[in-house]
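Contents: one structure, followed by commentary.
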Amino acid sequence: MSKTNIAAGTGGERYVPYSERTDAESTVWFTRDLSPEGLKKIYEKVKGALTGKVAVKLHTGEPHGPNIIPHKWVEELMKAKPALQNAVIVETNTFYEGDRYTTEQHLKTLKINGWTFCPVDIMDAEGTVLLPIEGGKWMRQMSHGSHMTDYDSMLVLTHFKGHTMGGFGGSNKNIGIGCADGRIGKKWIHAREGEGMWSIDTEELMERITESTKATADFFGKHITYINVMRNMSVSCDCEGVDAEPVVTPNVGILASDDILAVDQACVDLIYAMREDENHALVERIETRHGHRQLSYMKEMGMGNNRYRLIDLDNNETEITQKQAVENLKPFGT
């Protein structure tokens with residue numbers, strides 16, 4: 001890891017307890033129902049943001065990736081909900097060479113992984129578009145797939161998990177990296193000019209991911225919303241496919257909000273609310289990569305609240321604590 005970035009001292013290795021946070025609270029919806037029905041139920045709470053032509057931003061995974069959101073769940077959701085029946089799954093090509101590096105390779109991988117029930121748009125298949133980043137420290141604009149501006153709304157549907165460089169991959173990572181085009185935007189996030197492909201890490205990387213996310217969030221304005229699925233949470237990203245580290249963290253449930261910071265913060269809080277024997281792998285991954293800087297920088301950039309009311313859809317929409325949400329978790333695979 002870069003000593004320069006660690007020395008920046010912005011606290012990405014430290015978890016900030018809820019009691020130390022300030023300002024307003026957002027609403028985060030929660031269900032333990034990890035199924036198509038659970039996904040449809042929680043979608044109802046955030047669907048109001050989606051109008052016109054809807055993009056569904058997913059991480060569709062490397063070939064045969066074992067941990068991605070099951071395509072059957074997404075198919076049932078999109079076929080059942082009127083606003084999504086004509087929606088399009090959107091992706092961009094990868095920065096690294098592999099099975100999603102070119103559009104042709106990417107389309108083959110989509111078929112392997114079952115994303116064949118609706119249109120899938122590789123947004124950078126026909127070039128790029130620059131969108132502004134208001135208040136960015138590292139960048140003033142981000143290069144996205146040119147097709148992104150074809151959409152009126154975006155549903156960010158995220159498999160929450162660990163990440164080799166980001167510490168964790170939530171909604172912020174899904175659109176921060178996932179909407180940047182594969183050749184220009186992703187390079188701006190990951191590499192300094194004249195240095196190696198992955199020359200940016202820890203604090204600076206978290207900030208660049210977040211600045212990229214802000215460009216997408218600002219473009220859609222009120223017409224973007226977020227669902228995080230806490231299932232099959234390896235410390236590895238879905239970009240590692242079948243080579244992902246084994247899952248040792250219990251499944252939790254599904255969270256949703258119209259506040260990107262609140263939903264990602266709530267997922268991290270639920271990880272920290274687990275017992276040590278349940279959360280040790282993900283906590284180590286988040287802290288050693290300075291992943292908390294994703295959250296604190298979203299706060300600094302005015303992208304949402306890190307305080308929230310967690311509303312339990314399985315219990316008459318009552319407010320619950322993080323500890324209550326993770327009581328009696330079953331180990332992965334049981």
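When segment 245-291 is filtered for residues that are more than 30 Å from residue 220 (Cβ to Cβ) and outside any helix (DSSP H, G or I), the ones remaining, listed by number, are 245, 246, 247, 248, 249, 250, 274, 275.
The set of residues in segment 153-162 being more than 9 Å from the chain's Cα centre (by Cα) and farther than 19 Å from residue 214 by Cβ consists of 162 alone.
Filtering segment 105-115 for residues that are buried (at least 24 other Cβ atoms within 10 Å of the Cβ) and at positive phi leaves an empty set. Inclusion of residue 138 among residues that are touching a His at 6+ places or on another chain (Cβ under 6 Å) and either more than 21 Å from residue 53 (Cα to Cα) or in contact (Cβ under 8 Å) with a residue 40 or more places away in the chain (or both) is not warranted. When segment 175-188 is limited to residues that are over 21 Å from residue 228 (Cβ atoms) and not basic (Lys, Arg), the one that is farthest from the chain's Cα centre (by Cα) turns out to be 184. Selection over segment 263-282 of residues that are within 13 Å of the chain's Cα centre (by Cα) and either more than 14 Å from residue 169 (Cα to Cα) or of a type in the set (S, T, N, Q) (or both) gives a count of 1. Counting the residues of segment 201-248 that are farther than 13 Å from residue 175 by Cβ and small (Gly, Ala, Ser) gives 5.
The set of residues in segment 186-205 that are surrounded by 12 or more Cβ atoms within 10 Å (Cβ to Cβ) and within 20 Å of residue 12 (Cβ to Cβ) comprises 188, 189, 190, 191, 198, 199, 200, 201, 202, 203, 204, 205.
For residue 287, the conditions (1) closer than 26 Å to residue 45 by Cα; (2) touching a strand residue (DSSP E or B) at 6+ places or on another chain (Cβ under 8 Å); (3) acidic (Asp, Glu) are fulfilled apart from (1). In the set 197, 165, only one residue is closer than 24 Å to residue 255 by Cβ, among the hydrophobic types (A, V, I, L, M, F, W, C), more than 12 Å from the chain's Cα centre (by Cα) and not in a helix (DSSP H, G or I); that residue is 165.
Selection within segment 146-171: residues that are in contact with a helix residue (DSSP H, G or I) (Cβ under 6 Å, 6 or more places away or on another chain) and under 21 Å from residue 128 (Cβ atoms). The member of this set that is surrounded by the most Cβ atoms within 10 Å (Cβ to Cβ) is 156. For the list (1) in a helix (DSSP H, G or I); (2) more than 16 Å from residue 224 (Cα to Cα), I need the number of the one condition that residue 148 fails. Single failed check for residue 148: (2). Among the residues of segment 47-66, the ones that are out of contact with any helix residue (DSSP H, G or I) (no Cβ under 6 Å at 6 or more places or on another chain) and over 18 Å from residue 88 (Cα atoms) come to 1 in all.
Only the coordinates and a few stated rules stand behind these numbers; no lab work does. Model, not experiment: these values are computed from the prediction. Counting neighbours? That spans all protein chains shown, and the Cβs are built from the backbone with ideal geometry, glycine included.
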